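Below: one structure, written as structure tokens.
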2 protein chains.
Amino acid sequence: MVNTTHPGNIGAAARAMKNMGLSDLALVDPVVFPSGEAVARASGADDLLKGARVYAALEEAIADCTLVIGASARLRSIPWPQLDPRECAAKILGSTAQTAILFGREHSGLTNEELERCHYLLHIPCNPEFSSLNVAAALQVVAYELFYAAIGHPTAKATTAMEPLATGEQMESFFSHLEDVLRDIRFLHPTKHESSILRRLRRMFQRAQLEEKEIHLLRGILTAVQRRSAPSGE
Amino acid sequence: MVNTTHPGNIGAAARAMKNMGLSDLALVDPVVFPSGEAVARASGADDLLKGARVYAALEEAIADCTLVIGASARLRSIPWPQLDPRECAAKILGSTAQTAILFGREHSGLTNEELERCHYLLHIPCNPEFSSLNVAAALQVVAYELFYAAIGHPTAKATTAMEPLATGEQMESFFSHLEDVLRDIRFLHPTKHESSILRRLRRMFQRAQLEEKEIHLLRGILTAVQRRSAPSGE
């Protein structure tokens, strides 16, 4: 983070980094640091603040880096190679380089001189009418893309270990039970609407991809209805 | 945003939304609002703060919504269908539903009761050792994914015209009707299992994203059950 004005943003950035498994925070010429406000906003990421390296000049901070990427809200006159956060994450994960991502000042970002030290500019796609993200929010997005790419987004599968789904056979028994009950309660009459009602119900329950346990629950309800509506009464 | 404690987070959320082209901010029982701190952190997104709808209760805020997604940091005991931010964006862009994304309290998130009103839970992949994102930072990530998906797939919205979906209000009336019937037929008893049965049914029907017509059909069935199981008999 280069020449950050508000210590709260440094704290929020530390929190965002730690949330996404990053730890190496470097501060270039921070206006206020250390700071209680930074600790408050770090909300438990104090270790990153304590471990932060502080430099007087950008050159020192990136001296050991072989890939430098600079976040930039504005389009620049020089056509510098540009990445969005997703491309940035792919680039970093696909590389063995010692990498720095630079985030500039709250109001003016990085200077042209600082950007010229970068291999790539990083631009977060956003509303062109209101394009200045808070610096910690921008860092959050970039760090999230890195984390997401690093875990190989297994989340599609990790939709928490789901319960076993009902088999086709269980579904058919359920539909047939349902149809019996609908006749018992005289909701279904042998008219031509009958089949369209059954089709609708089938479509609806199939769309829900019922679990076995849900089928048991539904059939329990159907049985309770049958008991109450039996001609003999209760 | 539900019951947000710090007005600064409301301001930061407004900024994040506007950065990503979103505008419809609803606040449920905010602790401090309006607030100068919110305006300061909104950093020019004052229009969103001015236009924010404020509600006393969540039900009112989502009454007209047909797809409700709740951000949740914790894994829940019940395996509710879960999305990550990218899947969430795809789901929303592929749907014509009136959608709400809920963000809970800074320290405790959404209550189980609030989560039960959701069709999906939204979880941001992150460091399991430090998994609580700032609420505005979480909103920034989700809004970014929406914007990114929207510009990347401008045709995603052109999905087939669906039947109108049931509103939150219609769903609640249905659940309350269903509960009445389950009591009438003595399927429900005031035991501790009661709430877990109701929660399972709610989750199942919400997952199906019911259409208005389906709700009418289901309520017709419930009414028929009530007629047959009335103590007076037929």
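The values are calculated or read from the model by the stated rules, or taken from the named source; none is laboratory data. All of these numbers come straight from a predicted model, not from anything done at the bench. Quick reminder, even Gly has a Cβ in these numbers, built from the backbone with ideal geometry, and neighbours come from all protein chains shown.
Data table
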quantity: Qualifying residue in segment B:134-146 (condition: in a loop (DSSP other than H, G, I, E, B) and either touching a strand residue (DSSP E or B) at 6+ places or on another chain (Cβ under 7 Å) or in the same structural domain as B:Ala26 (by TED's automatic domain parsing) (or both)); calculated: yes
quantity: Flag for B:Asp64 being at pLDDT below 95, out of contact with any helix residue (DSSP H, G or I) (no Cβ under 6 Å at 6 or more places or on another chain) and surrounded by fewer than 16 Cβ atoms within 10 Å (Cβ to Cβ); calculated: yes
quantity: Flag if A:Ala14 is within 11 Å of another protein chain (Cβ to nearest Cβ) and modelled with pLDDT under 95; calculated: no
quantity: All positions within segment B:32-53 that are in contact with a strand residue (DSSP E or B) (Cβ under 9 Å, 6 or more places away or on another chain) and surrounded by fewer than 14 Cβ atoms within 10 Å (Cβ to Cβ); calculated: B:Arg53
quantity: Checklist (1) within 14 Å of chain A (Cβ to nearest Cβ); (2) of a type in the set (Gly, Ala, Ser); (3) closer than 25 Å to A:Tyr148 by Cα; (4) not in a helix (DSSP H, G or I) applied to B:Gly44, failing item; calculated: (3)
quantity: Residue within segment B:107-120 that is at negative phi, free of Cβ contacts under 8 Å to residues at least 40 places away in the same chain, more than 13 Å from every other protein chain (Cβ to nearest Cβ) and in a loop (DSSP other than H, G, I, E, B) present; calculated: yes
quantity: Which numbered condition A:Gly21 fails, given (1) closer than 16 Å to A:Val142 by Cα; (2) away from chain B (no Cβ under 14 Å); calculated: (2)
quantity: Test for B:Val54: is it assigned by TED's automatic domain parsing to the domain that holds B:Glu145 and assigned to a helix (DSSP H, G or I); calculated: no
quantity: Checking B:Val181 against (1) within 9 Å of chain A (Cβ to nearest Cβ); (2) part of a helix (DSSP H, G or I); (3) more than 17 Å from B:Glu114 (Cα to Cα); (4) without any contact (Cβ under 8 Å) to a residue 40 or more places away in the chain, the condition it does not meet; calculated: (4)
quantity: The lone exception for B:Ala137 - which of (1) farther than 14 Å from B:Met1 by Cα; (2) at the interface with chain A (Cβ under 10 Å from one of its Cβ atoms) it fails; calculated: (1)
quantity: Failed criterion for A:Leu83 (all others in (1) surrounded by fewer than 17 Cβ atoms within 10 Å (Cβ to Cβ); (2) more than 23 Å from B:Ala12 (Cβ to Cβ); (3) within 14 Å of chain B (Cβ to nearest Cβ) hold); calculated: (1)
